[in-house]
1. Using a 10 Å cut-off on Cβ to Cβ distances, tally the other chain neighbours for every residue of A:197-209 and report the average as a whole number.
2. Average partner chain C-beta neighbours within 10 Å, per residue of B:88-100?
3. Quick one: A:Val18, A:Val65, B:Val65, fewest Cβ neighbours within 10 Å first, how do they rank?
4. Could you please tell me the mean projected area of the C-alpha convex hull for chain A, averaged over all directions and given in square nanometres to one decimal?
5. Working out 0.36 nm times the residue gap between A:Val65 and A:Gln121, then minus their Cα-Cα distance, what length gain in nm do you get to one decimal?
6. Per residue of chain B, what 222 nm ellipticity follows from adding -39500 (n - 2.57) for every DSSP H run with n ≥ 4, rounded to the nearest 500?
7. Could you work out, residue by residue across A:173-183, how many beta carbons of other chains sit within 10 Å of that residue's beta carbon, and then give the average as an integer?
8. For the protein assembly as shown, what is Rg from Cα atoms divided by 2.2 N^0.38 Å, rounded to two decimals?
Amino acid sequence: MPASLLRAVRRSLEVGAVLLALAGLWELYRWSWTTAGWTWPFAVDSTSMPHVWTILKAFGQPAQVNQPALITILFHKSLFTAKEAVVGFALGAVVGFALGILFAHSRLLQRGVMPYIVASQTIPILAIAPMVVVWVNPKLPGPFQGWGSVAVIAAYLTFFPVTINTLRGLHSADARALELMRTYAASAWTVLWKLRVPASLPYVFSALRLAATASVVGAIIGELPSGLQSGLGGAILNFNQYYSIEPQELWATNIVAALVGILFFSVVVATEKAIVRRAPENVA
Amino acid sequence: MSSDLVVSIAGVTKTFPRGNVTALQDIDLALTHGEFVSLIGPSGCGKSTLLRVIGDLIEPSAGTVTVNGKSARQARIDRDYGIVFQDAVLFDWRTVAKNIALPLEMLGWDRERRKARVEEMLDLVELGSFGEHHPWQLSGGMQQRVSIARALSFEPALLLMDEPFGALDEMTRERLNLELLSIWETLGSTVIFVTHSISEAVFLSTKVVVMSPRPGRIAGTIDVDLPRPRAAETREDPHYFELVTAVRELLRKRGQHLLPEEEPL
């Protein structure tokens, strides 16, 4: 068996073992609290902590009569949300990176605009989402109607760490290396692409890891005020209302949302591994 | 005669306003084609500053620097010199071959031509099979050889070296000294070599320029008339020791002269 396959198998076994352990801990906690009758920090019952198998079983059953199984519905909804998140992530990454480059080249712009960028991040996403929907949606071409504005909201949550880290990464280029480029009479553009940007990539990628999960959260939250029913946000809102009767459905949805986030994160990590070549000691 | 001048420095002074430091004062120096000149002196004598002035990485406060018959600035823009720093300054994300090709890319060479030249340079610095390695997979001495190959890849008339072997161990340093000499003899370029090692300066150079600190100025120049090609045995030549002593005395005389001013007790 080739070494890479062997590694993959071992890795999956590790992941499986951790998942099993987590499920075991969940059930152990449940069992201890119900047997002892502890109510701190909260009383454990089938509403506050449904059994792991109840949650798993919910995947296979329809949430409502005459509907396909929950897992089928959640699969389609997560595709919808993932679409919003991917576009939002890409938009946020590009805008964030471009802003970082702009700020790195103009101290004036950085000083003048950065405070507003920072301020923009202190506004809760729920407070600006309605405006984004009203402003952006009418301008969007047909296929982007509805979910396009959610992607913009996801981008809003995504670009900030990318800007900050790009800026820092571009400034991380070694002073001697900059001097070397000067001896080649390299233009600012050449210095940017041959030195500053490659030097910034480890920084940019740690921001993209954050951005990957933030874009999924942004897409889910963005769906709430947009009144979109096709994504995970809509499902969460819906299952929220039935939580006291069927908590396992919300739990199942949360698991799917988490899986989407993990998938996004993993794609970024894999891309980073393929692109960024660094001395082993400099790899985060 | 003037066409033979590669570097000519006249009345160069460099003061740094911050702290009111005079790094260089009234430096006059001329280098003809094919010379190997070492700048030596204690730290703070301005030898690296002088190298940077020649390379137009620092502007002098007064005086003129002419490289290849033009201003230092124009010479830099025309890529008339290659530079090697104390650290190899290789780009981690590029392979050894791509690091050597960096200046060639900027000169607009096409892929084929770059590849051929990189092969030549790898052979020249005896790293033939390491082209596809990344810098961090190489030892310090090998990294510095890559740095030298990069500096020479576009055949500059002038090679500026700022303590290139200062961070290496003695054995590696002596081996690289020999390699550098054979490269220099092959290519026939002009070298300005900053060092704080007397033996290295004497062993390598055609001329040793001794500098003294505060303010940085030239204390004296010693012509090194040791036979060539120089080899490991050169270091055992009695004349080699005479020259080493001469450089050391020049350094010490200047040092004594400066001590009272420097450290008022």
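1. On the way: counts 1, 4, 3, 0, 1, 2, 0, 0, 0, 0, 0, 0, 0.
Shielding by partners across A:197-209 averages 1.
2. On the way: counts 1, 8, 2, 9, 9, 11, 3, 1, 0, 0, 0, 0, 0.
Mean shielding by partner chains, rounded to a whole number: 3.
3. Working: A:Val18 10, A:Val65 5, B:Val65 22.
The fewest-first ordering by Cβ neighbours comes to A:Val65, A:Val18, B:Val65.
4. Working: hull surface 85.3 nm².
That works out to 21.3 nm², a quarter of the Cα hull's surface.
5. Details: separation 56, 0.36 × 56 = 20.16 nm, distance 4.22 nm.
Separation in residues times 0.36 nm, less the Cα-Cα distance, equals 15.9 nm.
6. Details: 8 runs with 102 residues, N = 265.
So the calculated ellipticity at 222 nm is -12000 deg cm²/dmol.
7. Values: counts 1, 4, 1, 7, 5, 1, 7, 13, 4, 5, 15.
Neighbouring Cβ atoms belonging to other protein chains average 6 per residue here.
8. Rounded to two decimals, the normalised Rg is 1.37.
Only the coordinates and a few stated rules stand behind these numbers; no lab work does. Keep in mind that what you see is a predicted model, and the values were worked out from it rather than measured. Neighbour counts run over all protein chains shown; Cβ positions are idealised from the backbone, glycine included.
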